[in-house]
1. Please find the FRET efficiency linking Ala58 to Ile28, where r is the Cβ-Cβ separation and R0 is fixed at 25 Å, and quote it to the nearest 0.05.
2. Just to confirm a number: summing +1 for Lys and Arg and -1 for Asp and Glu over residues other than Ile43 whose beta-carbon lies under 15 angstrom from that of Ile43, what do you get?
3. Contact order normalised by length for segment 2-198, with contacts defined as Cα pairs under 8 Å and 6 or more residues apart; what percent is it?
4. Run the reach check for Lys197 against aspartates and glutamates, Cα to Cα strictly under 16 Å, same-chain hits fewer than 8 apart removed. What comes back?
5. Roughly what % antiparallel, to the nearest 5, for the DSSP beta bridges in the chain?
6. Going by a ≥ b ≥ c, the root eigenvalues of the Cα gyration tensor, does segment 139-200 fall in the rounded group (a/c under 1.5), the prolate group (a/b larger than b/c) or the oblate group?
7. Among rounded, prolate and oblate, which fits segment 1-155 when a ≥ b ≥ c are the square roots of the eigenvalues of its C-alpha gyration tensor, a/c under 1.5 means rounded, and a/b larger than b/c means prolate?
8. Kindly provide the helix-only [θ] at 222 nm of the chain, computed as the sum of -39,500 (n - 2.57) over DSSP H runs of four or more divided by all residues, to the nearest 500 deg cm²/dmol?
Amino acid sequence: MVLYYSMYGNTYRMAREIFSGIEDEGCIPMIRRVPEILPPGVIASDGRIGRAMKDQEAVPVASPGELEKIDGLVVGSPTRFGNMSSQMRNFWDTTGGLWTRGVLVDKPAAVFCCTGTMHGGQESTLLSMMLTLIHHGMIIVGVPFSVRELAETVSGGTPYGPTAVVGPDSSRQPLETDLTIARELGKRIAVISRKLKSGR
Ligand SMILES: Cc1cc2nc3c(=O)[nH]c(=O)nc-3n(C[C@H](O)[C@H](O)[C@H](O)COP(=O)(O)O)c2cc1C
């Protein structure tokens, strides 16, 4: 499952590329967005939010119960003050029942994010999401430097997970290198998910 939140569409773009990487490996991806919790007044204040929401209408909204049937997970969020978004945090705060039963224990998980600025907290956002996944007993999967683009990029892309710098007004799109790294992560999580599943 690729599970994400995106207000302006950039994290959604990265999510779609990860989805394609999973497909490349012959696995069956699901894509889900977490529920929106922004007050209607905030959404109405910026037409770009409404347009991005419309673009994502076809993506089903995640429910925690769906995590019971997955073999691997990739979680993505825009950075909010160096942390994951409240929408993503809110979703995970509804998964206590799954945690109690250890539903996600020993399943692989990876993370990705977008920031407005180059040094605005990509790594801290990725690590913030990892903490929750580790509490759920998941096995964290990163991006190895055998993905050549990681060493070459001077924009997004980290070994902790794919990233994109989308500009202070979020209007810059993820670069081709960002998307390549995202796709490679999709392939990697698929391969590892399959291996772990066959060993269970
Ligand atoms: C409340 C708020 C806090 C933000 N905090 C940060 C931040 O700490 N660092 C940063 O680089 N960008 C920050 N941004 C910019 C977002 O990360 C950027 O809009 C987002 O990555 C775009 O992704 P999306 O197109 O998927 O919504 C913030 C944006 C908002 C609305």
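Where a number appears in this text, it was derived from the coordinates with a stated rule and is not lab data. This structure is a prediction, so every number in the text was calculated from the model and none was measured. As a convention, Cβ positions derive from the backbone with ideal geometry for all residues, glycine included, and neighbour counts pool all protein chains shown.
1. Numbers: r = 17 Å, r/R0 = 0.70.
Computed FRET efficiency for Ala58 and Ile28: 0.90.
2. Values: positive: Arg33, Arg48, Arg51, Lys54; negative: Glu36, Asp46, Asp55, Glu57.
So the environment of Ile43 carries a net charge of 0.
3. Working: 372 pairs, mean separation 52.8, N = 197.
Across segment 2-198, relative contact order equals 27 percent.
4. Leaving aside aspartates and glutamates fewer than 8 places away in the same chain, those within reach of Lys197 are Glu25, Glu68, Asp71, Asp106.
5. Values: 2 of 20 bridges.
Bridges in the chain are about 10 percent antiparallel.
6. On the way: a/c = 2.97, a/b = 2.20, b/c = 1.35.
Judged from the Cα gyration tensor, segment 139-200 comes out prolate (a/c at least 1.5, a/b above b/c).
7. Details: a/c = 1.41, a/b = 1.11, b/c = 1.27.
Here segment 1-155 falls in the rounded category.
8. Details: 8 runs with 83 residues, N = 200.
When only DSSP H runs of four or more count, the value is -12500 deg cm²/dmol.
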